[in-house]
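Nothing in this text is a laboratory measurement; each read-out follows from the coordinates by a stated rule. Not measured: the values here are computed from a predicted model. With ideal geometry, Cβ positions are generated from the backbone for all residues, glycine too; neighbour counts draw on all protein chains shown.
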Amino acid sequence: MGPVELLHMSVFSQSFSPCGRFLAAGNNYGEIALFSLAAALSPDATAANQKPVLTFTAHEGPVFSLLSTDCVLLSAGNGEVSSWSWTELTKKNVKPLWTKRPNYKSGLEIPEINSMVINPRDNSLAIGAGDNNIHILDLEHGAFKATLQGHTDYLHCVCMREREAELLSGGEDGAVRMWDSRTGQCVHCIEVYKYESCARPRYGKWISCLTTDSDWMLCGGGPSLSLWHLRSLSPTSVFPLRGCQRQAAFHQDMILAVGEGAFVSHCLLGGEVKAQIPCTPPSLNTMQLNTKSSEHRVLTVGGGSSNIDVFTNLSYRAFSLSF
């Protein structure tokens, strides 16, 4: 890849391997790079250990979403989902196990897939797509078994609230919908931009990030990042962060958020911004915490550059991996 392509690279997605020793990252050129965290974190690491051990083209369009199961890496791009064996990837064998495409109504435009989440109850994959729908793929039988309809514009994010068997989705229409994953019915719809404390009309109403922890939900995008209690369906804290947040996560007694701006925001549950830790990309799209290996426990963030910043301690960047 030439210097111009590297200059205009964006990293959209990341996923750690089941063993926690590898990181997969997807970019705007349809490529997936595999990094060895074990090598990069070694005391004897050199600059070469911060480069991929494998790079391959997975899709024609950007790789907007990556997700790992116990044995495969799932990648989404250009209206399709592909499955790759982690064992084979670590041996540098690049061949998808399968590629599936949801049954889109229109054949003219290929809807992008922005988000995926596994429902462990029935071993299904929920896919948030650009045709405004959630497509449910039965991973055991390899067939699409349901389509959840209700959003009026394309989807940015999906997540599971496992204890309640609920699937949550957020999109360009400004709504967060909560679905009963057993029946496929929408049980609640929260239009976040209609709440005065959250609304920011100058940024729009779209929901770009969504995550849950038990009875709590974080969501943001056009509206401010906000913390909601899902039993009362009301916002309890609104975070005074500039720009649109693209990913947020609960971590211990804190909330981590990334989006516009070259930093990771550390927020307290009460709504205060505790710290903003500088990063190398000018804006951020993706953030992942490696909880799969205590030996390689890191936070990685990527966005508008070919670098992926690695934090061995949440309060400073240790080094950067690069495509």
Could you order the peptides 142-150, 1-9, 190-198 from most to least packed, using the average number of other C-beta atoms within 10 Å per residue? 190-198, 142-150, 1-9
Using the scaling law 2.2 N^0.38 Å as the reference, what is the normalised Cα Rg of the range 151-264? 0.98
Along Cα→Cβ, 7 Å out, is where each label goes; now give me the distance between the ones at Arg231 and Asn123 in nm to one decimal. 3.4 nm
Evaluate the charge dipole of the chain about its Cα centre and quote only its size in Debye, nearest 20, assuming +1 on the Cβ of each Lys and Arg and -1 on the Cβ of each Asp and Glu. 280 debye
Amide H contacts of Gly20 (H built 1.01 Å from N, under 5 Å, at least 5 apart or other chain): none
Which value in nm describes the separation of the simple spin-label points at Val94 and Met1, placed 7 Å from the Cα toward the beta carbon? 1.1 nm
How large is log10 I(q)/I(0) at q = 0.12, 0.16, 0.20 Å⁻¹ when the Debye formula is applied to the Cα atoms of the range 28-185, each weighted equally and without solvent? -0.56, -0.91, -1.24
Output ³J(HN,Hα) for the range 192-200: one whole-Hz value per residue in order, computed from phi by the Karplus curve 6.51 cos²θ - 1.76 cosθ + 1.60 with θ = phi - 60°, and x for Gly and Pro. 4, 5, 8, 8, 4, 5, 9, 5, 9
Taking the dipole about the Cα centre of the chain, with the C-beta of Lys and Arg at +1 and of Asp and Glu at -1, give me whichever of Met178, Ser65, Phe311 is farthest to the positive side. Phe311
Leaving out same-chain residues fewer than 8 places away, which lysines sit with a Cα under 16 Å from that of Lys105? Lys145
Please quote Rg/Rh for the range 6-117 to two decimal places, taking the Kirkwood radius as Rh and restricting both calculations to Cα atoms. 1.00
Extension gain Ala143-Val187, at 0.36 nm per residue separation less the Cα-Cα distance, in nm? 13.3 nm
